[in-house]
Amino acid sequence: MNAKKILFPTDFSHTGDAAIAMATSLARDTGAKLIVVHVEEPPVAYGAGEMYYGIPNPATDDLKHMLEKVKPTDPAVPYEHHLLTGDPAAAIGRFADDENIDLIVLGTHGRTGFSRLIMGSVAEGIVRRANCPVLTCKHPEEKAATTKPLAAT
């Protein structure tokens, strides 16, 4: 793979931990720049068309500070940050096209069934919209708690 730009979208959750490590490794091995992005969603429209402009939670400045803390796991890898606005999957797809991104590496929540149907899947939307390869990294599950076997009676 000959990548010059690798995109790592983050939602600031731990699902991206494995993905940023993978993105960093790929950027280091190919000499690519790692581009870290977060997408701030715009206000929502209510049924009658009114817009809700409540105080963003968190505020845009807070998002910028949070984004600045997301860094490659190897300090030798060059990187930059971008805060985007819009629907996450669409904004990431447009950004990847506009910036000639060679690869997108992102974490997934691993939701299935009804919860995926209700919550939607940003990762799936990115895979569908992206015009470049997308590598998804599923967040490793927590190790199951060890239970003692039941005593025979």
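Only the coordinates and a few stated rules stand behind these numbers; no lab work does. For clarity, every value in this text was computed on a predicted model and none was experimentally measured. Cβ atoms come from the backbone with ideal geometry, glycine included; neighbour counts cover every protein chain shown.
Remarks
- The distance between label points at Ala18 and Asp61 comes to 3.8 nm (points 7 Å beyond Cα on the Cα→Cβ vector).
- Peptides 96-104, 73-81, ordered by how many other C-beta atoms sit within 10 Å of their residues on average, highest first, read 96-104, 73-81.
- Cβ-based net charge around Arg129, under 15 Å, with every Lys or Arg adding one and every Asp or Glu removing one: -3
- Between His81 and Lys69, the contour length at 0.36 nm per residue exceeds the alpha carbon distance by 3.3 nm.
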